[in-house]
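Here the structure comes first, spelled out in structure tokens, and everything after it is commentary.
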Amino acid sequence: MRFAPVFFIVLAGCGRYSDFSLPAPESSGPRGPFAWHASPQPVIEKGEAVDVLNPSVVRFRDRYLNLYSSWDGKTWTTASATSSDGVAWQKQGSILAPQGDEGSYIAANGTALAVNDEIFYWYEAGNPFFIALARSRDGSNWTRGGRVLERGPRGSFDESAVADPYVIRAGEKFYLFYLGQDRARRQRLGVAQSSDGVRWEKLRANPILELGASGAFDEQGLGEPAVWSSGGSYWMLYTGRDRAEHRKIGLAKSQDGVHWERDLKFPPIGGTESWNRAVMCDPSVELTPQGIRVWFGGGDVPRPDQNLHGQIGVGMLIGREF
């Protein structure tokens, strides 16, 4: 989430709620403990942009498509890049900019998923933030579908904003993990389910992950979840903010996708290079035969929003067994 100022709004959002859990996780594939290895150099540099962050990588037809966020000093837009291997990327330019009720600040920070012969792209827009949907059959031409997830009612964990969508398919349904912000500006994580990716029901028991303890790397806020299923568990990488606005990526684990516990044996991922020494954020994951490939954002300025000199890197989580 781009942590822009959130203004007080009298009207609270509403929506559908239900009690649910995800299907049993996949028994095959890597399981913890995980070891982290990252390439030292960014794979998408900021170039003329102020920041490039929030990669969302999807395999579509015979290529990888990366829908990432680009900040020009005034507006966050969604840009795209293509690759044959997920490492060497060719930038394709901007594909979505905010318009209409999306305001003028952001139409980015999204998540892409191949659905049949289309790409669905859920993204963050508006002020206060809501989640919208765009669809494409070629990765270049996009049709907006409007708002699909709104803020919750007064007193809910997401009454001020919903942001940072990450969508997976499990069984016959879609599951959207997201950041919710309350009136005290606490940022925690929730989940919603859908049969079509358009109409969503939020989990009645949200949030699914609370702030970290005092002094922890994630005591100030949680965001940017990335979820996958392997080795008999659901796993979640997420961004945590400390009081100095340094960001690291933590790991949580679940058996049903709604009850989550931090993996306390996994050291949060911090930047080790000059370009990502202050911020590690925005994971996007791919399950591969070698492990969990992770694209991420990084920056060298500890800020909660933008102007981080943000660039995009890639790394790998190597599990214990397959």
Choose one of Pro267, Pro55, Gly146: the residue whose Cα lies farthest towards the positive end of the charge dipole of the range 54-273 (beta-carbon charges +1 Lys, Arg; -1 Asp, Glu; about the Cα centre). Gly146
About its Cα centre, how strong a charge dipole does the chain have in debye, to the nearest 20, once Lys and Arg get +1 and Asp and Glu get -1 at the Cβ? 280 debye
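Considering only Cα-Cα distances, which of the following residue pairs are longer than 19 Å: Lys173/Lys248; Lys46/Lys91; Lys202/Lys248?
Lys173/Lys248; Lys202/Lys248
Based on alpha-carbon atoms only, what is the radius of gyration of the range 204-252 relative to the globular estimate 2.2 N^0.38 Å?
Output field value: 1.21.
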The range 226-314: Rg/Rh from Cα coordinates, Kirkwood Rh? 1.00
Please give the charge dipole size of the range 7-99, origin at the Cα centre, charges +1 on K and R Cβ atoms and -1 on D and E Cβ atoms. Round to the nearest 20 debye. 140 debye
Where the centroid of each part is defined by its Cα atoms, how far is the range 205-284 from the range 98-115 in Å? 23 Å
Given the convex hull over the Cα atoms of the range 28-151, what projected area results after averaging over all orientations, in nm²? 9.6 nm²
Could you tell me which trypsin sites (Lys or Arg not before Pro) in the range 15-114 are loop residues by DSSP with no more than 11 other beta carbons within 10 angstrom of their beta carbon? Arg61, Lys74
What's the longest bit of the chain with no exposed GluC sites (Glu not before Pro), using DSSP loop states and at most 10 other Cβ atoms within 10 Å as the test? 173-320
Distance in nm between pseudo-label sites at Tyr17 and Ala114 (7 Å out along the Cβ direction from Cα): 3.8 nm
For the range 92-214, fraction of C-alpha pairs farther apart than 21 Å, in %: 38 percent
Which is farthest toward the positive dipole end of the chain among Gly291, Val162, Pro30, measuring Cα position about the Cα centre, with Cβ charges +1 (Lys, Arg) and -1 (Asp, Glu)? Val162
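Values quoted throughout were computed directly from the atomic coordinates according to the rules given, and no laboratory measurement underlies them. From a predicted model like this one, the values you see are computed outputs, not experimental measurements. Positions of Cβ are backbone-derived with ideal geometry, glycine not excepted, and every protein chain shown enters the neighbour counts.
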